[in-house]
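In what follows, a structure is listed as structure tokens, so that the remarks can point back to it.
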Amino acid sequence: MEAATVDQRTGAAPPKKKVTDRAKSERRLAYMLCAPAVITMLIVTGYPIVYAIYLSLQKYDLRFPSQKEFVGLANYGDVLTSSTWWSDVVHTLVITVFSVGIELVLGMAIALVMHRAIFGRGAVRVSVLIPYGIVTVVAAFTFRYAVDPASGFAQGTFLLSDTAAPLTQQTGSYAMIILTEVWKTTPFMALLLLAGLSLVPDELLEAAKVDGANAVQRFFRITLPLMKPAILVALLFRTLDAFRLFDTVFIQTSGANNTETVSILGYNVLINRVNIGLGSAVSVLVFICVILIAFFFVKVLGTSTAQQRGEEV
Amino acid sequence: MANTPRQKLMWSIGILVVVLYALFPVAWIVSLSLKKPDQLGDKKFFSGVSFKNYDQIFKTSDFTHALVNSIGIAAIATFIAIVLAAMAAYALSRLDFAGKALILSGALAVAMFPAISIVGSLFQLWRNIGIYDTWIGLIIPYLTFALPLAIYTLSAFFREIPWELEQAAQVDGATPFQAFQKVIVPLAAPGVFTAAILVFIFAWNDFIFANTLTSSNSARTVPAALAFFTGGSQFQQPVGAVAAAAVVVTIPIIIMVLIFQRRIVAGLTAGAVKG
């Protein structure tokens, strides 16, 4: 009994043997357990994206459904030669780069406070989780109303001049969208960085201190390089998330003042103009952009989510 | 690390700044929701307590329906995702089989999927098969982000479970499935619970699907309803009503965060960066 309860799998890796009946039944159970989740994911994402590709090759406008016909890559040609698409890509990238950049710096600061705080840890944890949990639409309204001349408190304080209306002009709109994004998602960044921070051995920092390294040197020469994998994963997640940005822009400007993002463009063409063919081409292009960003992180920067996750792959 | 009084002071200030950063906007929306209509333009951060806006939103079916839809849809999507993901995560963290890496990277790819890329096809498909503007029409797309999140969080938790107990059960004559059901499920409950909270928060937050795949009170959730609230007249911004509704949908999240803060942090970091 005693010996039989010892977990054989956690011991040394067993040598490869012929596939036993037990291994076979284990594999069968594994496939049965995974099948429902895998099939569901394939149906709910794989099928719609394939259908989106099909639709993107059609001329298909719901206002003129009888004119539906196969047009090959014509929709892609239309999107890629329009200035709207390219300016929307630029808007999206500007918002993504600024929000993720600010979040990284701010998130690192919050992570350091959470990591080193001896007291008040619980208070900090609860506080940062609240922006994380709040519905994005709610956050977007909160910031919009704060600076709206009709309902806000910011006018006439040190924040804004008496007559300012940030959401009616471009810089102000960008600032508000980025501020909302940063406020809402920095906590997530901070928590990911905190997990990375806890992997930095204290002994190393102590040793560097003994060797005369000051706090700034210790942070940039030891903590930061050791945290590189965690930082890259956090950046990957947040960049992909920010690139899909929809909610905040929809609520705060609906794409006015040159803040239209690629997701808002897709929405406008698909849902407002009901041009399913053209809108699907935009959708597929957004999907390709996301793949390119992920590819850049994984292949060029060497981000490894698997290694970070402690999986044996 | 040694902490001098000066360092202690610095960290206290740091903590205070973080708490203020997180809570200031929340305090603002609460305060805004408590203003009377004629106080909305007074440019004050706080101008007293009145529950008029709350009375108003609970009298309109737009909001009460949306609230019921939000709760129902998020709860059902969470339940389905957790059941399917728990089975998969058990296999992924416990059993030996080919294709593990493929499933995990596939799940990650699905999690990275931009919603806008499938909104058009779903809009089209759902109208064709008649589930546009229904609960099920939102529950299905919610699984796209709920399943990967649940699979990752649960696999991370399941790896920490003392598996010897399962083998003990098997030695005692339990089949692999019985061992799963009778021994592992109770041990895994805290992790399952955490994953459920995270998935629920995600589903509760969704705006893009709720906005595009609904058109009436029958399935529109609160985030989408908020965007379509109308004021007393066409030219009036329904600021007070939106603020009150915003506070109402925020309350469940704040309660969950307060009660389960440790678990949520563990879940978030376990699912993403494994320590």
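A short reminder: the numbers here are calculations on the coordinates, not readings from a lab. This is a predicted model, so every value here is computed, not measured. Counting neighbours? That spans all protein chains shown, and the Cβs are built from the backbone with ideal geometry, glycine included.
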Notebook entry, point to check: With Cβ to Cβ distances under 15 Å as the rule, what net charge do the other residues near residue A:111 carry (K, R +1; D, E -1)?
Noted result: +4
Notebook entry, point to check: If you take the square roots of the eigenvalues of the alpha-carbon gyration tensor of segment B:52-272 and sort them as a ≥ b ≥ c, do you get rounded (a/c under 1.5), prolate (a/b over b/c) or oblate?
Noted result: prolate
Check: Taking every residue in A:233-245, how many Cβ atoms of other protein chains lie within 10 Å of its Cβ, on average?
Finding: 2
Note to self: Within 10 Å of each Cβ in A:175-181, how many Cβ atoms from other chains are there, averaged over the peptide?
What the structure shows: 0
Margin query: Using Cα springs under 10 Å in a Gaussian network model of chain A, which residue among A:175, A:207, A:140 shows the largest mean-square fluctuation?
Written below: A:207
Check: Relative contact order for segment A:89-271 using alpha-carbon pairs under 8 Å, separation at least 6, rounded to a whole percent?
Finding: 34 percent
Item checked: Cubic angstrom per residue, convex hull over Cα atoms of segment A:58-135 -> 143 Å³
Notebook entry, point to check: Of the GluC sites (Glu not before Pro) in segment B:107-206, which ones lie in a loop per DSSP and count no more than 13 other C-beta atoms within 10 Å?
Noted result: B:160
Next item on the list: Mind checking segment A:137-239 for chymotrypsin sites (Phe, Trp or Tyr not before Pro) that DSSP puts in a loop (not H, G, I, E or B) and that have at most 16 other Cβ atoms within 10 Å?
Entry: A:158
Next item on the list: Give me the angle, in degrees from 0 to 90, between the Cα long axis of helix B:100-111 and the longest principal axis of the Cα atoms of chain B, rounded to the nearest 10.
Entry: 10 degrees
Next item on the list: May I ask you to compute the full-extension gain from residue B:64 to residue B:185, defined as 0.36 nm times their residue separation minus their alpha-carbon distance, rounded to one decimal in nm?
Entry: 40.0 nm
Notebook entry, point to check: Looking at chain A, do any whole DSSP H helices span at least 15 angstrom along their long axis by alpha carbon and average -0.5 or above on Kyte-Doolittle, and which?
Noted result: A:21-41, A:83-116, A:121-133, A:136-147, A:170-197, A:224-243, A:276-295
Checklist line | Rounded, prolate or oblate (a/c below 1.5 giving rounded, otherwise prolate when a/b exceeds b/c) for segment A:89-271 by Cα gyration tensor | finding: prolate
Next item on the list: Please find, in a Gaussian network model of chain A (springs between Cα atoms separated by less than 10 Å), the residue of A:248, A:20, A:180 whose mean-square fluctuation is greatest.
Entry: A:20
Margin query: At R0 = 41 Å, how high is the FRET efficiency between residue B:9 and residue A:163 if r is their beta carbon distance? Nearest 0.05 is fine.
Written below: 0.55
Next item on the list: Quick one: order B:65, A:115 by neighbouring beta-carbon count within 10 Å, fewest to most.
Entry: A:115, B:65
Next item on the list: Under a 10 Å cutoff between Cα atoms, tell me which one of A:280, A:66, A:56 has the largest fluctuation in the Gaussian network model of chain A.
Entry: A:66
Check: In which sequence would B:161, A:178, B:139 go, from the one with the fewest C-beta neighbours within 10 Å to the one with the most?
Finding: B:161, A:178, B:139
Item checked: Prolate/oblate/rounded call for segment A:198-313, Cα gyration tensor, a/c under 1.5 rounded -> prolate
Checklist line | A:114, B:256, A:32, A:189 arranged by Cβ crowding within 10 Å, fewest neighbours leading | finding: A:32, B:256, A:114, A:189
Notebook entry, point to check: Taking only C-alpha pairs under 8 Å that are 6+ residues apart, what is the relative contact order of segment B:54-173 in percent?
Noted result: 44 percent
Notebook entry, point to check: Against the longest principal axis of chain B, how steep is helix B:61-94, in degrees 0 to 90 to the nearest 10, with axes from Cα atoms?
Noted result: 20 degrees
Margin query: If you fit an axis through the alpha-carbon atoms of helix B:5-33 and take the longest principal axis of the Cα set of chain B, what angle between them do you get, 0 to 90°, nearest 10?
Written below: 60 degrees
Check: Within chain A, how many lysine pairs that are 8 or more places apart, or on different chains, have C-alpha atoms less than 25 Å apart?
Finding: 5
Notebook entry, point to check: Across the residues of B:141-154, average count of Cβ atoms on other protein chains within 10 Å?
Noted result: 3
